[in-house]
1. Estimate the FRET efficiency between Asp27 and Ser389 by the formula 1/(1 + (r/R0)^6), using the beta-carbon distance for r and 51 Å for R0, to the nearest 0.05.
2. Sequence-distant or interchain residues sharing an amide H contact under 5 Å with Leu361, placed H: which?
3. Which value, in debye to the nearest 20, describes the size of the charge dipole of region 62-280 about its Cα centre when Lys and Arg Cβ atoms bear +1, Asp and Glu Cβ atoms bear -1, and nothing else is charged?
4. From the Cα gyration tensor of region 62-280, with a ≥ b ≥ c the square roots of its eigenvalues, which class applies: rounded if a/c is under 1.5, or else prolate if a/b is larger than b/c, or else oblate?
5. Is the C-alpha gyration tensor of region 53-114 telling us rounded, prolate or oblate? Criteria: a/c under 1.5 is rounded; beyond that, a/b larger than b/c is prolate, otherwise oblate.
6. Using amide H atoms built in the peptide plane, which far-off residues or other-chain residues are under 5 Å from Asp311 H to H?
7. Looking only at region 62-280, where both bridge partners belong to it, what percent of the DSSP beta bridges are antiparallel (to the nearest 5)?
8. Using amide H atoms built 1.01 Å from N in the peptide plane, name the residues 5+ places from Arg145, or on other chains, whose amide H lies under 5 Å from its own.
Amino acid sequence: MKELSHRTDCLTGDTMVILRNRAKELDRMTSGMIHMEVGEPDFDTPVNIREKAKEMLDRGYTHYTPQTGIPELKEVIADYIEESRGFRPDEKQILVTSGAKGVMFSSIMTIIEQGDEVLVSDPAYPPYLTILRYVGAKIVPFPLRGENFSPSLEEINEKITSKTKMIVVNSPNNPCGSVLEKDKVKGIAQICEDSGLYLLSDEIYCRLIYEGEHYTPCSDGCDERSILLDGFSKAYAMTGWRLGFGVGPKEVIKRMGLIMGNAVTCVPAFTQWAGVEAFKGPQDEAKKMVAGFKERRNLIVKRLNSIGGVDCPTPKGAFYVFPDFSSFGMKSFDLASKLLEEKKVATLAGSSFGEQGEGHLRLSYATSMENIEGGVNRIKDFLAGVPESGQRGRT
Ligand SMILES: Cc1ncc(COP(=O)(O)O)c(C=O)c1O
């Protein structure tokens, strides 16, 4: 056979995939695994949303829809953006996609060419890096530092060259759980404006904030340079429904729509109607989930910090903690592998998210309080047998 496309060489799984697959394999072989590696709410999708989808299925909403989304959903997305971000996008600025990942993929495909430089935080959500590699971009990482895993505007500015085309930001952040401060948000928006750069702002966790507020860097109203990524997966426990949306400049959205249209045609009609219900129906369930996550966050941070040598900053958003274990002198992949094999607790290695993540683990607290207690106890047990080496990783 002739060779496969070399463009796809970069798509082979990273260490995150290895750990996830091994956890699944162990699950089949043994029982009692505590899963803290998963990036999805453990709650069910609220009943009213499920009922709406069932109703629409029964009413025959099982056919193709307009490629960029049904007008009813675009209308409620425009309402939501106006209410939460302070500007109202035109319907031509909105694209409904199969999960928020559809926005990630199609915006990068639309804007980035081989050799373009793209600034992405380190650590970052790995699919950004994979898609950027796939299109031949040069990834220029900017570190997230300190208690709030925050970028330095000076460092970002220093990394901009004539080849820079885009900055990717993600707040609240996966894997750190950090929320970008208002001055940083404004600063990044200004840098993009001054240097004529596109801005891809991943705001998928914006309704999962426990302290402070969410600010969008899309200060141009997504009219010229900003693409806002958001969706239903995290805030409404709808990960399996595959429903997300992007807001951006009309020409960018048009091309993103053509990419998604050629790939998947449209998002299923009954799923889009479930999205209308999610935004317009009662919000009590969604609010309960946020309260539940906050309680779990407080527990996991307290319990992790009670282990000598572990430093776990309190994240303000999302449902991840990113504690520093570097004083134990182990590579984060080795630590995650040992916890998995020896203690049956599944976590992700910080190094899967970038060089700055080395020494950390990403733990998801989208799991029960009981699992959090149990999982942290197992980690504590394991670390009791590992002497602290006194090295510290986070700068
Ligand atoms: C930062 C970030 N962006 C986007 C996504 C993708 O969201 P969706 O499941 O809606 O495609 C995720 C999912 O984990 C995420 O963590």
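Bear in mind that the values in this text are calculations on the coordinates, not laboratory data. Predicted model, so just to flag it, every value in this text is computed and none were measured. Every residue, glycine among them, receives a Cβ derived from its backbone with ideal geometry; neighbour counts consider all protein chains shown.
1. The formula returns an efficiency of 0.95 here.
2. The answer is Phe325, Gly350.
3. So the magnitude is around 680 debye.
4. The shape class here is prolate.
5. Values: a/c = 2.50, a/b = 1.31, b/c = 1.91.
Judged from the Cα gyration tensor, region 53-114 comes out oblate (a/c at least 1.5, b/c at or above a/b).
6. For Asp311, whose amide H was placed from the backbone, the distant partners under 5 Å are Asp324.
7. 30 percent
8. Ser150
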